Amino acid sequence: AGQFDAVPDLGGVLGAAGRVQRLMDAVIATAVGEVADRDRLSCEEQVSAPAGCRDVTELLRRTLRVDVGTARRYVTAGRGVRRDQSMSAGELLPARFEQLAQVLRDGELSVTGFLAATAPLQAVLSRIGAADLVDADRVLAAAARGLDLPDAEGRPGPVPTTDELAALAHHIVLL
């Protein structure tokens, strides 16, 4: 007998597990952005070196027990969700991809999905204006939530797969 024999809704179990995993992705990516920022500061604020690690990637490999590729994905995502603090007023500024970062923080997008949506934008960052970047971020975030394909009653449509979100991001960059 299998361990899920008494569970009538395995799809629901997988959906719940996926949501927990996406929320954990958000926690890790956000924390990694902060660790990377602190590691650039004075020695007493650093996180990686006191843990005996040469950088954030090694810290993640050891603390999360992941491979180097997974650690690097979290570091890249951490850069995209990191919110700097205003020098004058001290409030948090928007992340580079604020709308997509919020979808990630809400547990509706995985780190893999976040990177699939942002990588094409990162590739053209030097050639895209700030307003266009904000617009692309907004469109991709709406798509990631399924808000771009409402049904007849206005309910969100199906959320795209990571591959579909990546294809949309590539299409936006080509426009």
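With respect to the stated conditions, A167 is farther than 21 Å from G33 by Cα, part of a helix (DSSP H, G or I), open to solvent by 50 Å² or more (accessible area, probe 1.4 Å) and at pLDDT 95 or above.
Taking (1) touching a residue at least 40 places away in the same chain (Cβ under 8 Å); (2) farther than 16 Å from E34 by Cα in turn, Y74 satisfies each apart from (2). Scoring D132 on the criteria (1) surrounded by fewer than 17 Cβ atoms within 10 Å (Cβ to Cβ); (2) in contact (Cβ under 8 Å) with a residue 12 or more places away in the chain; (3) over 13 Å from the mean Cα position of the chain (by Cα) leaves a single failure, condition (2). Residue count for the range 37-55, restricted to those that are basic (K, R) and in contact with a helix residue (DSSP H, G or I) (Cβ under 7 Å, 6 or more places away or on another chain): 1. Residues in the range 65-115 that are small (G, A, S), within 15 Å of A26 (Cα to Cα) and assigned to a helix (DSSP H, G or I): A71, A77, G78, G80, A101, G113. Considering only residues of the range 136-164 that are in contact with a helix residue (DSSP H, G or I) (Cβ under 8 Å, 6 or more places away or on another chain), open to solvent by less than 100 Å² (accessible area, probe 1.4 Å) and charged (D, E, K, R), which is nearest to P120 (Cα to Cα)? Per the criteria, the residue is D137. All told, A31 falls short of being open to solvent by less than 30 Å² (accessible area, probe 1.4 Å), on the phi < 0 side of the Ramachandran plot, in a helix (DSSP H, G or I) and not β-branched (V, I, T).
Would you check which residues across the range 38-94 are under 17 Å from the mean Cα position of the chain (by Cα) and open to solvent by 90 Å² or more (accessible area, probe 1.4 Å) and list them? Listed by number, the residues that qualify are R72, R73, R79, P94.
The values are calculated or read from the model by the stated rules, or taken from the named source; none is laboratory data. If you're wondering where the values come from, they're calculated on a predicted model, not measured in any experiment. Counting neighbours? That spans all protein chains shown, and the Cβs are built from the backbone with ideal geometry, glycine included. With ligands, DNA and RNA removed, areas are computed over all heavy atoms of the protein, side chains included. Shrake-Rupley method; radii C 1.70, N 1.55, O 1.52, S 1.80 Å.
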